[in-house]
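Every number here is computed from the coordinates shown, using simple stated rules; none is lab data. If you're wondering where the values come from, they're calculated on a predicted model, not measured in any experiment.
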Ligand SMILES: Cc1cc2nc3c(=O)[nH]c(=O)nc-3n(C[C@H](O)[C@H](O)[C@H](O)COP(=O)(O)O)c2cc1C
């Protein structure tokens, strides 16, 4: 048995104990999962999208299982900034003290709202926020969301506003797969103050009940996630890594195992997030972090960073 591989990575202004984070919207605010896994085994977690005001989200039904994945049209239901700061942040601050990165995912419907959110969270940074992740890619809401993420000028404007208000807090921008080429969006984010880009968010999809002749989601359309989207995520991470040498990329979409995570690193990601897998196995994030370490050991990889970008020139 060789020495334990180095699993620590540096991404988007943060140093993580390992490259595996829990993805936004699939891990609550961390505490919900505490009974199910050792949170300290994670590199970090990304919170559910936080908006200035609380949001009830879309009407049900808003989740549907699909072949190798799921559709969701939650519509960014969340407790809102005030309750987040009062009730959720103290637990997250405890996690941060244990060495986890706590990334707060932001959702707003205007540039001014994004900047206000970032400014208020930056004020609370000492208490438990490591970085912000700006969601410009939600397919399930009418205002903001994906409308920002498909236009490089809008991505540039939102990123600059958030980075300007975030002070020393690193800003990650979460990109949509609902474009032909994500590289112009990634470039717009990275040239306007983002330390990293995360991709992918969900793919816009639909499910139909043919017998009832009705859509299965009340919102009509929803976001597709899970193993079905992994090939799309890998391709988009690779496209961005190739187009923007040195870009810090957080890869996600359909990661169910440590080997899936290794595939994203080879495509050019420096860290990964695990989403839908946590709904199948609430211990998935810790399991996947362990499997990635084991993968490195078995493959004779002394440092997980050796994998990063291994296929960029392929
Ligand atoms: C139920 C659900 C809620 C989500 N909520 C958010 C959110 O609030 N903000 C965000 O940026 N992404 C959100 N996402 C997208 C995930 O973070 C992730 O990008 C996507 O699901 C792909 O990863 P996966 O295949 O591992 O789930 C959500 C996904 C699901 C399934």
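Note on the stretch 209-233 and the stretch 279-310: Cα centroid distance 29 Å, given to the nearest whole angstrom. When the alpha-carbon atoms of the stretch 235-276 are used, the pair Rg, Dmax equals 9.7, 29 angstrom. For the stretch 115-137 and the stretch 39-69, what is the centre-to-centre distance using only Cα atoms, to the nearest Å? Going from one Cα centre to the other spans 18 Å. Calculated mean residue ellipticity at 222 nm for the chain: -8500 deg cm²/dmol, from DSSP H runs with n ≥ 4 weighted as -39500 (n - 2.57), summed, divided by the residue count and rounded to 500. Taking a ≥ b ≥ c as the square roots of the eigenvalues of the Cα gyration tensor of the stretch 39-117, is the shape rounded (a/c under 1.5), prolate (a/b larger than b/c) or oblate? The shape class here is oblate. Where is the GNM fluctuation largest for the chain (alpha-carbon springs, 10 angstrom cutoff): 15, 47, 159? Result: 15 has the largest fluctuation of those listed.
GNM on the chain, alpha-carbon springs under 10 angstrom: the most fluctuating residue among 196, 34, 286 is 34.
Here the contact order of the stretch 60-189, divided by its residue count and restricted to Cα pairs under 8 Å and six or more residues apart, works out to 23 percent. State whether the chain is rounded, prolate or oblate according to the following rule on the C-alpha gyration tensor (a ≥ b ≥ c being the square roots of its eigenvalues): a/c under 1.5 gives rounded; otherwise a/b larger than b/c gives prolate, and the remaining case gives oblate. Because its axes are fairly even, with a/c under 1.5, the chain counts as rounded.
Mean-square fluctuations from a GNM of the chain, with a 10 angstrom spring cutoff on Cα atoms, peak among 152, 139, 231 at 231.
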